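The values are calculated or read from the model by the stated rules, or taken from the named source; none is laboratory data. A quick note: this is a predicted structure, and the numbers were derived from the prediction, not measured. Every residue, glycine as well, gets a Cβ built from its backbone with ideal geometry; the counts of neighbours run over all protein chains shown.
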Amino acid sequence: MQTDQFKKTLLTAFTTEASELLEQISCTLQQEWSSTTAQLLFRHFHSLKGTAALLEFENLTQAAHLAETLARSGFEWTRSELQYIFEYITRSIEQIINNQTELAAYSSANADELINRINMQESSVEKEKQVLFQLFTKHLLNFEGKNSSMQSSSIKTLIRAADLMEISDLSVELSRLVSASNDYTDEQLQQHLLEQLITHESFGNDFLNFYQKAKQ
Amino acid sequence: MNQLQVLIVDDSPTAALFLQAKLEAAAENLATLAITRAKTGEEALIAANETHFDLAILDVVLPGIDGFSVCQTLKTKQQSRVVALLTALQSESDKKKGSDAGCDVYIIKPINEATLSSVLKLAYIKAQSIGVR
(Lines give C-alpha, C1' and ligand atoms only; values in the text may rest on other atoms or scores of the structure.)
Protein backbone atom coordinates (compact mmCIF):
# COMPACT_ATOMS: atom_id res chain seq x y z
CA MET A 1 0.00 0.00 0.00
CA GLN A 2 2.86 2.35 0.81
CA THR A 3 3.90 3.37 -2.65
CA ASP A 4 7.07 5.28 -3.25
CA GLN A 5 5.12 8.44 -3.93
CA PHE A 6 3.13 7.98 -0.74
CA LYS A 7 6.29 7.63 1.34
CA LYS A 8 7.70 10.80 -0.18
CA THR A 9 4.44 12.62 0.56
CA LEU A 10 4.57 11.34 4.13
CA LEU A 11 8.18 12.45 4.55
CA THR A 12 7.36 15.93 3.27
CA ALA A 13 4.35 16.14 5.59
CA PHE A 14 6.58 15.05 8.46
CA THR A 15 9.29 17.67 7.90
CA THR A 16 6.70 20.45 7.55
CA GLU A 17 4.84 19.40 10.66
CA ALA A 18 8.00 18.79 12.70
CA SER A 19 9.34 22.25 11.84
CA GLU A 20 6.07 23.83 12.98
CA LEU A 21 6.09 21.82 16.20
CA LEU A 22 9.71 22.83 16.93
CA GLU A 23 8.76 26.49 16.53
CA GLN A 24 5.89 26.02 18.96
CA ILE A 25 8.12 24.20 21.44
CA SER A 26 10.74 26.95 21.19
CA CYS A 27 8.11 29.61 22.01
CA THR A 28 6.61 27.55 24.83
CA LEU A 29 10.02 26.93 26.43
CA GLN A 30 10.47 30.69 26.70
CA GLN A 31 7.23 31.15 28.62
CA GLU A 32 7.00 31.29 32.40
CA TRP A 33 6.66 27.79 33.84
CA SER A 34 3.14 26.70 34.78
CA SER A 35 0.96 23.62 34.51
CA THR A 36 -0.35 25.03 31.21
CA THR A 37 3.20 25.38 29.86
CA ALA A 38 4.01 21.82 30.89
CA GLN A 39 0.79 20.54 29.30
CA LEU A 40 1.54 22.39 26.04
CA LEU A 41 5.08 20.99 25.95
CA PHE A 42 3.74 17.50 26.63
CA ARG A 43 1.31 17.83 23.74
CA HIS A 44 3.91 19.13 21.28
CA PHE A 45 6.50 16.48 22.15
CA HIS A 46 3.76 13.83 22.07
CA SER A 47 2.82 14.90 18.52
CA LEU A 48 6.47 14.84 17.47
CA LYS A 49 6.87 11.36 18.92
CA GLY A 50 3.82 10.09 17.06
CA THR A 51 4.87 11.42 13.67
CA ALA A 52 8.52 10.34 14.08
CA ALA A 53 7.30 6.84 14.99
CA LEU A 54 5.22 6.67 11.80
CA LEU A 55 8.39 7.13 9.74
CA GLU A 56 10.33 4.78 12.05
CA PHE A 57 12.90 7.37 13.13
CA GLU A 58 13.76 5.47 16.28
CA ASN A 59 16.18 7.88 17.97
CA LEU A 60 13.94 10.82 17.32
CA THR A 61 10.95 8.90 18.65
CA GLN A 62 12.90 7.95 21.77
CA ALA A 63 14.10 11.51 22.35
CA ALA A 64 10.57 12.88 21.98
CA HIS A 65 9.28 10.15 24.29
CA LEU A 66 11.81 11.15 26.96
CA ALA A 67 10.78 14.81 26.61
CA GLU A 68 7.09 13.92 26.69
CA THR A 69 7.58 11.90 29.88
CA LEU A 70 9.50 14.72 31.55
CA ALA A 71 6.96 17.36 30.49
CA ARG A 72 4.02 15.25 31.63
CA SER A 73 5.48 15.19 35.16
CA GLY A 74 4.89 18.96 35.25
CA PHE A 75 7.99 19.66 37.39
CA GLU A 76 9.79 22.93 36.71
CA TRP A 77 13.19 21.24 37.05
CA THR A 78 12.52 19.45 33.76
CA ARG A 79 12.69 22.75 31.83
CA SER A 80 16.49 22.69 31.29
CA GLU A 81 16.35 19.01 30.33
CA LEU A 82 13.53 19.74 27.87
CA GLN A 83 15.57 22.57 26.36
CA TYR A 84 18.46 20.17 25.96
CA ILE A 85 16.37 17.48 24.26
CA PHE A 86 14.69 20.14 22.11
CA GLU A 87 18.12 21.17 20.78
CA TYR A 88 18.98 17.54 20.03
CA ILE A 89 15.69 17.04 18.17
CA THR A 90 16.18 20.29 16.24
CA ARG A 91 19.60 19.13 15.04
CA SER A 92 18.18 15.74 14.02
CA ILE A 93 15.34 17.28 12.06
CA GLU A 94 17.68 19.73 10.35
CA GLN A 95 19.70 16.71 9.20
CA ILE A 96 16.56 15.05 7.87
CA ILE A 97 15.55 18.19 5.97
CA ASN A 98 19.07 18.59 4.55
CA ASN A 99 19.13 14.97 3.44
CA GLN A 100 15.71 15.30 1.89
CA THR A 101 16.73 18.40 -0.06
CA GLU A 102 20.02 16.90 -1.16
CA LEU A 103 18.53 13.61 -2.29
CA ALA A 104 15.53 15.19 -3.99
CA ALA A 105 17.99 16.56 -6.54
CA TYR A 106 18.66 13.01 -7.73
CA SER A 107 15.73 11.77 -9.73
CA SER A 108 16.85 8.17 -9.22
CA ALA A 109 16.53 8.44 -5.43
CA ASN A 110 13.37 6.72 -4.29
CA ALA A 111 11.64 7.12 -0.97
CA ASP A 112 13.16 3.96 0.51
CA GLU A 113 16.63 5.28 -0.25
CA LEU A 114 15.73 8.57 1.35
CA ILE A 115 14.41 6.98 4.51
CA ASN A 116 17.22 4.40 4.73
CA ARG A 117 19.83 7.08 4.31
CA ILE A 118 18.26 9.24 7.00
CA ASN A 119 18.01 6.27 9.35
CA MET A 120 21.62 5.29 8.67
CA GLN A 121 22.82 8.78 9.36
CA GLU A 122 20.65 8.98 12.42
CA SER A 123 22.09 5.78 13.84
CA SER A 124 25.65 6.71 13.04
CA VAL A 125 25.29 10.07 14.76
CA GLU A 126 23.27 8.94 17.74
CA LYS A 127 22.95 5.38 18.90
CA GLU A 128 20.12 4.01 20.97
CA LYS A 129 19.78 5.67 24.39
CA GLN A 130 22.21 8.40 23.57
CA VAL A 131 19.78 11.16 24.37
CA LEU A 132 19.64 9.80 27.89
CA PHE A 133 23.43 9.49 27.80
CA GLN A 134 23.69 13.13 26.78
CA LEU A 135 21.50 14.19 29.64
CA PHE A 136 23.62 12.34 32.19
CA THR A 137 26.89 13.43 30.55
CA LYS A 138 25.82 17.06 30.71
CA HIS A 139 25.36 16.75 34.47
CA LEU A 140 28.62 14.87 34.94
CA LEU A 141 30.58 17.47 33.00
CA ASN A 142 28.87 20.23 34.97
CA PHE A 143 30.30 18.71 38.15
CA GLU A 144 33.66 20.34 37.46
CA GLY A 145 34.29 23.13 39.94
CA LYS A 146 30.90 22.77 41.65
CA ASN A 147 30.56 22.43 45.44
CA SER A 148 29.15 19.27 46.98
CA SER A 149 25.74 20.82 47.59
CA MET A 150 25.36 21.67 43.90
CA GLN A 151 26.65 18.25 42.95
CA SER A 152 24.06 16.60 45.20
CA SER A 153 21.36 18.73 43.63
CA SER A 154 22.53 17.62 40.20
CA ILE A 155 22.40 13.96 41.23
CA LYS A 156 18.89 14.50 42.60
CA THR A 157 17.86 15.74 39.15
CA LEU A 158 19.25 12.54 37.66
CA ILE A 159 17.39 10.48 40.26
CA ARG A 160 14.13 12.10 39.18
CA ALA A 161 14.98 11.48 35.53
CA ALA A 162 15.77 7.82 36.33
CA ASP A 163 12.46 7.53 38.23
CA LEU A 164 10.49 9.00 35.34
CA MET A 165 12.20 6.65 32.91
CA GLU A 166 11.45 3.76 35.32
CA ILE A 167 15.13 2.81 35.77
CA SER A 168 14.41 2.16 39.44
CA ASP A 169 17.59 0.32 40.43
CA LEU A 170 19.72 3.22 39.19
CA SER A 171 17.50 5.61 41.09
CA VAL A 172 18.12 3.63 44.30
CA GLU A 173 21.90 3.58 43.76
CA LEU A 174 22.02 7.31 43.07
CA SER A 175 19.95 8.02 46.19
CA ARG A 176 22.51 6.10 48.25
CA LEU A 177 25.23 8.20 46.70
CA VAL A 178 23.49 11.44 47.71
CA SER A 179 23.07 10.17 51.28
CA ALA A 180 26.79 9.42 51.50
CA SER A 181 27.92 12.54 49.64
CA ASN A 182 29.35 14.19 52.78
CA ASP A 183 31.87 11.36 53.07
CA TYR A 184 33.41 12.17 49.68
CA THR A 185 35.46 14.95 48.18
CA ASP A 186 34.00 16.62 45.09
CA GLU A 187 36.26 14.59 42.81
CA GLN A 188 35.37 11.35 44.59
CA LEU A 189 31.66 12.06 44.25
CA GLN A 190 32.01 12.63 40.52
CA GLN A 191 34.05 9.44 40.22
CA HIS A 192 31.49 7.42 42.19
CA LEU A 193 28.65 8.74 40.03
CA LEU A 194 30.53 7.78 36.90
CA GLU A 195 31.19 4.31 38.34
CA GLN A 196 27.50 3.86 39.14
CA LEU A 197 26.59 4.69 35.57
CA ILE A 198 29.18 2.60 33.77
CA THR A 199 28.39 -0.46 35.88
CA HIS A 200 24.66 -0.14 35.23
CA GLU A 201 23.24 -2.48 32.59
CA SER A 202 21.37 0.30 30.77
CA PHE A 203 24.52 2.43 30.49
CA GLY A 204 27.73 0.36 30.73
CA ASN A 205 30.74 0.81 28.47
CA ASP A 206 28.66 2.49 25.78
CA PHE A 207 28.05 5.30 28.21
CA LEU A 208 31.73 5.44 29.22
CA ASN A 209 32.77 5.77 25.58
CA PHE A 210 30.17 8.43 25.01
CA TYR A 211 31.22 10.35 28.12
CA GLN A 212 34.93 10.23 27.30
CA LYS A 213 34.24 11.45 23.77
CA ALA A 214 32.14 14.33 25.10
CA LYS A 215 34.85 15.22 27.63
CA GLN A 216 37.53 15.63 24.97
CA MET B 1 -20.12 -1.13 -3.26
CA ASN B 2 -21.37 0.25 0.07
CA GLN B 3 -20.06 3.50 1.39
CA LEU B 4 -18.95 4.17 4.97
CA GLN B 5 -18.77 7.65 6.47
CA VAL B 6 -15.53 7.88 8.43
CA LEU B 7 -14.27 10.66 10.68
CA ILE B 8 -10.54 10.95 11.39
CA VAL B 9 -9.61 13.32 14.21
CA ASP B 10 -5.91 14.06 14.61
CA ASP B 11 -4.03 17.34 15.01
CA SER B 12 -1.09 15.83 13.16
CA PRO B 13 -1.51 16.10 9.36
CA THR B 14 1.16 13.41 8.92
CA ALA B 15 -0.66 10.98 11.20
CA ALA B 16 -4.02 11.73 9.57
CA LEU B 17 -2.55 11.19 6.11
CA PHE B 18 -1.00 7.91 7.21
CA LEU B 19 -4.19 6.70 8.88
CA GLN B 20 -6.32 7.61 5.85
CA ALA B 21 -4.03 5.61 3.55
CA LYS B 22 -4.13 2.61 5.92
CA LEU B 23 -7.92 2.78 6.17
CA GLU B 24 -8.40 3.02 2.41
CA ALA B 25 -6.16 0.00 1.90
CA ALA B 26 -7.99 -1.98 4.59
CA ALA B 27 -11.37 -1.07 3.07
CA GLU B 28 -10.49 -2.39 -0.36
CA ASN B 29 -13.09 -4.98 -1.46
CA LEU B 30 -15.22 -4.10 1.58
CA ALA B 31 -16.59 -0.61 1.08
CA THR B 32 -15.72 2.79 -0.28
CA LEU B 33 -14.89 5.38 2.33
CA ALA B 34 -16.11 8.96 2.53
CA ILE B 35 -13.50 10.42 4.85
CA THR B 36 -13.83 13.64 6.83
CA ARG B 37 -10.76 14.94 8.63
CA ALA B 38 -10.76 17.18 11.70
CA LYS B 39 -7.71 18.66 13.44
CA THR B 40 -9.32 19.53 16.76
CA GLY B 41 -12.06 18.25 19.03
CA GLU B 42 -14.15 21.32 18.21
CA GLU B 43 -13.88 20.66 14.45
CA ALA B 44 -14.87 17.04 15.06
CA LEU B 45 -18.03 18.00 16.94
CA ILE B 46 -19.04 20.45 14.19
CA ALA B 47 -18.52 17.72 11.57
CA ALA B 48 -20.59 15.30 13.64
CA ASN B 49 -23.48 17.76 13.71
CA GLU B 50 -23.51 17.72 9.91
CA THR B 51 -22.81 14.06 9.15
CA HIS B 52 -23.72 10.81 10.86
CA PHE B 53 -20.59 8.68 10.89
CA ASP B 54 -20.25 4.92 10.71
CA LEU B 55 -16.79 5.12 12.24
CA ALA B 56 -14.89 7.81 14.11
CA ILE B 57 -11.20 7.33 14.88
CA LEU B 58 -9.98 9.81 17.43
CA ASP B 59 -6.56 10.77 18.66
CA VAL B 60 -6.72 11.47 22.40
CA VAL B 61 -4.21 14.26 22.90
CA LEU B 62 -5.69 17.20 21.00
CA PRO B 63 -5.61 20.96 21.39
CA GLY B 64 -8.74 22.14 23.23
CA ILE B 65 -11.35 19.42 23.73
CA ASP B 66 -9.55 16.09 24.06
CA GLY B 67 -10.42 12.79 22.39
CA PHE B 68 -12.10 11.38 25.51
CA SER B 69 -14.60 14.26 25.58
CA VAL B 70 -15.25 14.05 21.84
CA CYS B 71 -15.83 10.31 22.20
CA GLN B 72 -18.29 10.85 25.03
CA THR B 73 -20.28 13.40 23.02
CA LEU B 74 -20.37 11.25 19.87
CA LYS B 75 -21.60 8.25 21.86
CA THR B 76 -24.13 10.21 23.94
CA LYS B 77 -25.61 11.92 20.88
CA GLN B 78 -25.29 8.72 18.82
CA GLN B 79 -23.41 10.59 16.12
CA SER B 80 -21.16 7.68 15.22
CA ARG B 81 -21.92 3.96 15.19
CA VAL B 82 -18.38 2.99 16.17
CA VAL B 83 -15.91 5.20 18.01
CA ALA B 84 -12.28 4.14 18.26
CA LEU B 85 -9.63 5.94 20.28
CA LEU B 86 -6.21 5.66 18.67
CA THR B 87 -3.45 6.77 21.01
CA ALA B 88 0.03 6.19 22.37
CA LEU B 89 -1.33 6.60 25.92
CA GLN B 90 -1.34 3.10 27.33
CA SER B 91 -1.70 3.42 31.10
CA GLU B 92 -4.59 1.63 32.79
CA SER B 93 -6.02 4.98 33.93
CA ASP B 94 -6.06 6.26 30.33
CA LYS B 95 -7.73 3.06 29.13
CA LYS B 96 -10.33 3.45 31.88
CA LYS B 97 -10.99 7.02 30.76
CA GLY B 98 -11.59 5.67 27.26
CA SER B 99 -13.93 3.03 28.54
CA ASP B 100 -15.78 5.57 30.72
CA ALA B 101 -16.15 7.80 27.67
CA GLY B 102 -17.91 4.89 25.94
CA CYS B 103 -15.36 4.11 23.24
CA ASP B 104 -15.94 0.86 21.35
CA VAL B 105 -12.26 0.18 20.76
CA TYR B 106 -9.12 1.53 22.43
CA ILE B 107 -6.21 1.12 20.04
CA ILE B 108 -2.62 1.61 21.17
CA LYS B 109 -0.25 3.14 18.61
CA PRO B 110 1.60 2.17 16.49
CA ILE B 111 -1.28 1.30 14.20
CA ASN B 112 -1.80 -2.42 13.76
CA GLU B 113 -3.25 -3.11 10.32
CA ALA B 114 -5.17 -6.17 11.48
CA THR B 115 -6.83 -4.18 14.27
CA LEU B 116 -7.68 -1.37 11.91
CA SER B 117 -9.21 -3.85 9.48
CA SER B 118 -11.31 -5.36 12.30
CA VAL B 119 -12.55 -1.95 13.39
CA LEU B 120 -13.53 -1.18 9.84
CA LYS B 121 -15.40 -4.47 9.58
CA LEU B 122 -17.17 -3.74 12.85
CA ALA B 123 -18.37 -0.41 11.43
CA TYR B 124 -19.40 -2.15 8.22
CA ILE B 125 -21.40 -4.83 10.04
CA LYS B 126 -23.13 -2.25 12.24
CA ALA B 127 -24.05 -0.19 9.16
CA GLN B 128 -25.32 -3.32 7.36
CA SER B 129 -27.30 -4.57 10.35
CA ILE B 130 -29.65 -1.61 10.19
CA GLY B 131 -29.84 -1.76 6.43
CA VAL B 132 -28.44 1.64 5.76
CA ARG B 133 -26.52 2.36 2.54
Yes/no for B:Tyr124 being touching a Leu at 6+ places or on another chain (Cβ under 7 Å) and either over 26 Å from A:Thr51 (Cα atoms) or of a type in the set (Asp, Glu) (or both): yes
Condition check for A:Ala64: facing chain B (nearest Cβ under 10 Å) and either surrounded by fewer than 19 Cβ atoms within 10 Å (Cβ to Cβ) or within 16 Å of the chain's Cα centre (by Cα) (or both): no
Among the residues listed as B:Gln78, B:Gln72, B:Gln90, the single one being away from chain A (no Cβ under 14 Å), part of a loop (DSSP other than H, G, I, E, B) and farther than 23 Å from A:Thr16 by Cα: B:Gln78
Within the stretch B:26-69, considering residues that are in contact (Cβ under 8 Å) with a residue 40 or more places away in the chain and assigned to a helix (DSSP H, G or I), the one surrounded by the fewest Cβ atoms within 10 Å (Cβ to Cβ): B:Ala47
Long-range neighbours under 6 Å by Cβ, at least six apart or interchain, first residue surrounded by fewer than 14 Cβ atoms within 10 Å (Cβ to Cβ) within the stretch A:1-26, second at pLDDT 80 or above: A:Met1/B:Ala25
Subset of the stretch A:1-40 that is outside any helix (DSSP H, G or I) and of a type in the set (A, V, I, L, M, F, W, C) - its residue that is farthest from the other protein chains (Cβ to nearest Cβ): A:Trp33
Output for the stretch A:147-190, where each listed residue is part of a helix (DSSP H, G or I) and among the acidic types (Asp, Glu): A:Asp163, A:Asp169, A:Glu173, A:Asp183, A:Asp186, A:Glu187
So A:Ile89, is it modelled with pLDDT of 80 or more, closer than 27 Å to A:Lys138 by Cβ, away from every other protein chain (no Cβ under 14 Å) and surrounded by 22 or more Cβ atoms within 10 Å (Cβ to Cβ): yes
Residues satisfying the stated conditions in the stretch B:9-25, i.e. in contact with a strand residue (DSSP E or B) (Cβ under 7 Å, 6 or more places away or on another chain) and either more than 13 Å from chain A (Cβ to nearest Cβ) or buried (at least 17 other Cβ atoms within 10 Å of the Cβ) (or both): B:Val9, B:Ala16, B:Leu19, B:Gln20, B:Leu23
Failed criterion for B:Asn2 (all others in (1) under 29 Å from A:Leu55 (Cβ atoms); (2) in contact with a Phe, Trp or Tyr (Cβ under 8 Å, 6 or more places away or on another chain) hold): (1)
Residues that are closer than 16 Å to B:Ala56 by Cα and either at pLDDT 90 or above or of a type in the set (Gly, Ala, Ser) (or both), drawn from the stretch B:88-114: B:Gly98, B:Ser99, B:Ala101, B:Gly102, B:Cys103, B:Asp104, B:Val105, B:Tyr106, B:Ile107
Residue that is nearest to the other protein chains (Cβ to nearest Cβ), among those in the stretch A:69-80 that are surrounded by fewer than 24 Cβ atoms within 10 Å (Cβ to Cβ) and not β-branched (Val, Ile, Thr): A:Arg72
